[in-house]
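The structure under discussion appears below in the form of structure tokens.
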Amino acid sequence: ISRVSLHNLDFIRNKGIKLYDRVRLQRSGEVIPYIVSVITQRRDETQKDINPDSIQCPACSSHAQIVENVVGTKSNPTTTTQLYCPNHDCPGILKEKLKHFVSKNAMNIASIGESILDLLVDQSLLHSLSDIYTLTQPETIFLLKRFPGIGRKKVDTFIDEIIASKTNPLWRFSNALGISGIGIKLAKEIEKHLHYRPNPTHTIDQ
């Protein structure tokens with residue numbers, strides 16, 4: 001495990017996490033790494049309280065914005081305090097959106113992994129979710145096959161997957177957009193409510 005994301009202020013406060021703390025981590029299968037507890041016995045004089053007003057986005061250095069969200073049910077709502085980057089052009093946000101877009105439960109373009117997406121964003125080939133579909137252009141394919149670490153066979157594989165994804169069911173596309181509150185279950189309900197039936201002559205870019 002090389003890193004763990006901390007964006008929930010309530011979690012940080014409840015766990016008593018400070019800057020420069022040593023912590024116990026837990027991860028099973030493909031579950032996101034989780035901070036179990038702070039190793040208080042390893043503390044010295046270097047630890048400091050985390051000041052939310054001084055936190056910056058690690059990707060673009062923008063000042064983090066504190067946002068309160070209401071989660072849970074109508075009968076049992078819970079307010080959580082989270083940290084967000086307010087920069088709409090933040091490369092870190094774009095990378096995370098792209099990773100969700102191509103994931104197994106979204107558009108299922110599995111061959112485009114995290115390292116490739118990071119490279120494509122860093123090389124300014126991807127600026128939005130829709131740019132995934134510009135990767136099938138001949139001039140872009142030529143360029144991709146010259147990138148070290150990708151290779152011709154890898155490019156051919158994810159180009160085929162990108163093309164195949166254009167005929168995905170509506171629920172996959174709805175979930176892939178990363179709209180707050182819309183996950184797999186609600187996306188399928190929306191598709192069912194709209195009585196959507198895929199038309200093989202239509203694709204996502206139409």
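The values are calculated or read from the model by the stated rules, or taken from the named source; none is laboratory data. Note that the structure is predicted; figures quoted are calculated from it, not measured. Cβ sites come from the backbone with ideal geometry, for glycine too, and all protein chains shown count toward neighbours. Just the protein is used for accessible areas: all its heavy atoms, side chains included, with ligands, DNA and RNA removed. Shrake-Rupley method; radii C 1.70, N 1.55, O 1.52, S 1.80 Å.
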Taking only the alpha-carbon atoms of region 1-51, what semi-axes of the equivalent ellipsoid follow from 5 times the gyration tensor eigenvalues under a square root, in whole Å, largest first?
20, 13, 9
Share of Cα-Cα pairs in region 43-109 beyond 15 Å, in percent?
69
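Return one whole number: the accessible area per residue of the chain in Å², for a 1.4 Å probe.
Using a 1.4 Å probe on heavy atoms only, each residue of the chain averages 68 Å².
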In order through region 45-52: 3J(HN,Hα) via Karplus (6.51 cos²θ - 1.76 cosθ + 1.60), integer Hz, x for Gly, Pro
8, 8, 5, 9, 5, 7, 9, x
Within region 107-204: Cβ-based charge dipole about Cα centre, in debye rounded to nearest 20 (Lys, Arg +1; Asp, Glu -1):
300
Using only the heavy atoms of the protein chains and a 1.4 Å probe, how would E114, E45, E68 rank by accessible area, largest first?
E45, E68, E114
Might you report the magnitude of the Cβ-based charge dipole of region 105-158 about its Cα centre, with Lys and Arg at +1 and Asp and Glu at -1, to the nearest 20 debye?
300
Helix axis angle, 152-165 relative to the chain longest principal axis, alpha carbon, degrees:
80
Along each principal axis, Cα extent of the chain, largest first, Å:
62, 49, 32
Using alpha carbons only, how many degrees (0 to 90, rounded to 10) separate the axis of helix 184-193 from the longest principal axis of the chain?
50
Ratio Rg/Rh, restricted to region 99-170 and using Cα atoms, in which Rh is the Kirkwood radius
0.92
Among N175, N105, N14, which one moves the most in a GNM of the chain with springs linking Cα atoms closer than 10 Å?
N14
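When the helices in the chain are scored as -39500 (n - 2.57) per DSSP H run of 4 or longer and the sum is shared across all residues, what 222 nm value do you end up with, to the nearest 500 deg cm²/dmol?
So the calculated ellipticity at 222 nm is -9000 deg cm²/dmol.
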Keeping all protein chains in position, work out how much accessible area K99 exposes to a 1.4 Å probe, and write it in Å² to the nearest 10.
40
Apply the Karplus parameterisation 6.51 cos²θ - 1.76 cosθ + 1.60, with θ equal to phi minus 60°, to every residue of region 108-114 and state each ³J(HN,Hα) to the nearest whole Hz, in sequence, with x for glycine and proline.
6, 9, 5, 6, 8, x, 4
For the chain, longest principal axis from Cα atoms; helix 91-102 axis from its Cα atoms; angle between them, nearest 10 degrees, is 50
Give the average over all directions of the projected area of the C-alpha convex hull of region 1-117, one decimal, in nm².
9.7
Output the lone cysteines of the chain: those with no second cysteine's C-beta under 4.7 Å from their C-beta.
none
Distance in Å, no decimals, from the C-alpha centre of region 1-56 to the one of region 106-123 is 28
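Quick one: net charge around S111, please, counting Lys, Arg +1 and Asp, Glu -1 for every other residue with C-beta under 11 Å from its C-beta.
Here the charged neighbours net out to -1.
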Just the number, please: carbon plus sulfur as a percent of the accessible area of the chain, 1.4 Å probe, no ligands or DNA/RNA counted.
51
Tell me which residues come under 5 Å, amide H to amide H, from I109 once H is placed; ignore anything under 5 positions away on its chain.
S103
Enumerate the lysines that K48 could reach by cross-link, defined here as Cα to Cα under 25 Å, with residues fewer than 8 away along the same chain left out.
K15, K18
Sort F11, F101, F142 from largest to smallest accessible area, using a 1.4 Å probe on the heavy atoms of the protein chains.
F142, F11, F101
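Count the net charge of all other residues whose Cβ sits under 12 Å from the Cβ of E96, scoring Lys and Arg as +1 and Asp and Glu as -1.
Result for the neighbourhood of E96: +1.
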Starting from the Cα of K97, draw a straight line to each of the aspartates and glutamates and keep only those under 15 Å, dropping any in the same chain fewer than 8 residues away.
D89, E114, D118, D122, D131
Largest-first semi-axes in Å of the equivalent ellipsoid built from the Cα gyration tensor of region 36-78 are 29, 21, 9
Under 30 Å from the Cα of K104 - lysines, other chains or at least 8 residues apart:
K95, K145, K153, K154, K166, K185, K188, K192
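For the chain, give the magnitude of the charge dipole about the Cα centre (Cβ charges: +1 Lys/Arg, -1 Asp/Glu; no others), in debye to the nearest 20.
Its charge dipole is roughly 640 debye.
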